[in-house]
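Accompanying notes for the structure given below.
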Amino acid sequence: MTKSQADVVRAALEILDERGAEAVSMRAIAQKLDVRMNTVLWHVKTKARLEELMADAIVAGVSLDGLPEDWRDRAAEIARRYRQALLAHRDGAAVVAGTYAAEPATLDTAEALVAALLDGGLTARDAAWTCWSVIYFVLGLAQEEQAQPHGSGDLAVGERPSLQRVLPFLAEESFDARFEFGIAKLLAR
């Protein structure tokens, strides 16, 4: 049976979800598809290209349908959906953060976010930089969320008075609340 680039990416995402980013390799994909490695390489050429395609497939999970009209609500909802798309795949945030994927789904998501920011009256420069800030924030928080061992609320800060003072808030595991706080700050004008 003939395999396509989409088959290769789908198999890579299955391996990602089953065993994590470290397990994704051309050899593992070939084994999963029951093909020779040359077949996988024909479709993706390099590991870097595979990662770009995987990242775009992850971001393709961001639905741009039914977004709110208000620019700030729309931008926040795009960021929420972006976070959920990252969290939908094991190590999804790490895969996306490790690439610069100028691919259709990634560009469509950026277009929608920038359009919301421009609709809010931001200058072209501020819209671009706010878009980057939102993306960086969501990627970083999602990576932390995916990497944090569950039940790891014991953070040792030693003799650092400022950190001791805010420790209850640093150790909070409410990623949803932290996300909403951060997005509100980034979109405040």
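A few notes on this one:
- For residue 74, the criteria (1) open to solvent by less than 60 Å² (accessible area, probe 1.4 Å); (2) over 23 Å from residue 60 (Cβ atoms); (3) among the charged types (D, E, K, R) hold in every case but one, which is (2).
- Among the residues listed as 72, 90, the single one being in a helix (DSSP H, G or I) and either of a type in the set (Lys, Arg) or modelled with pLDDT under 95 (or both): 72
- Entry remark, the range 125-144: residues being open to solvent by less than 40 Å² (accessible area, probe 1.4 Å) and either under 23 Å from residue 88 (Cβ atoms) or touching a His at 6+ places or on another chain (Cβ under 7 Å) (or both) number 8 in total.
- Test: residue in the range 122-142 that is farther than 26 Å from residue 9 by Cα, touching a helix residue (DSSP H, G or I) at 6+ places or on another chain (Cβ under 9 Å) and among the acidic types (Asp, Glu): yes
- Qualifying residue in the range 58-66 (condition: open to solvent by 40 Å² or more (accessible area, probe 1.4 Å) and aliphatic (A, V, I, L, M)): yes
- Residue within the range 106-117 that is loosely packed, with under 15 Cβ neighbours inside 10 Å and modelled with pLDDT of 95 or more present: yes
- Every residue from the range 2-19 that is among the small types (Gly, Ala, Ser) and either modelled with pLDDT under 95 or surrounded by 14 or more Cβ atoms within 10 Å (Cβ to Cβ) (or both): 4, 11, 12
- The lone exception for residue 189 - which of (1) part of a loop (DSSP other than H, G, I, E, B); (2) among the basic types (Lys, Arg); (3) at pLDDT 85 or above it fails: (3)
- All conditions in (1) part of a helix (DSSP H, G or I); (2) open to solvent by 50 Å² or more (accessible area, probe 1.4 Å) hold for residue 173, with the sole exception of (1).
- The range 27-39 - residue that is modelled with pLDDT under 95 and in contact with a helix residue (DSSP H, G or I) (Cβ under 8 Å, 6 or more places away or on another chain) and, of those, least open to solvent (accessible area, probe 1.4 Å): 39
- Residues that are assigned to a helix (DSSP H, G or I) and either within 24 Å of the chain's Cα centre (by Cα) or exposed (fewer than 10 other Cβ atoms within 10 Å of the Cβ) (or both), drawn from the range 157-167: 161, 162
The values are calculated or read from the model by the stated rules, or taken from the named source; none is laboratory data. The structure presented is a predicted model; accordingly, all values stated were derived computationally and were not measured. A quick note on method: Cβ atoms are made from the backbone with ideal geometry, for glycine too, and the neighbour counts reach across all protein chains shown. Ligands, DNA and RNA are excluded from the accessible area calculation, which covers all protein heavy atoms including side chains. Shrake-Rupley method; radii C 1.70, N 1.55, O 1.52, S 1.80 Å.
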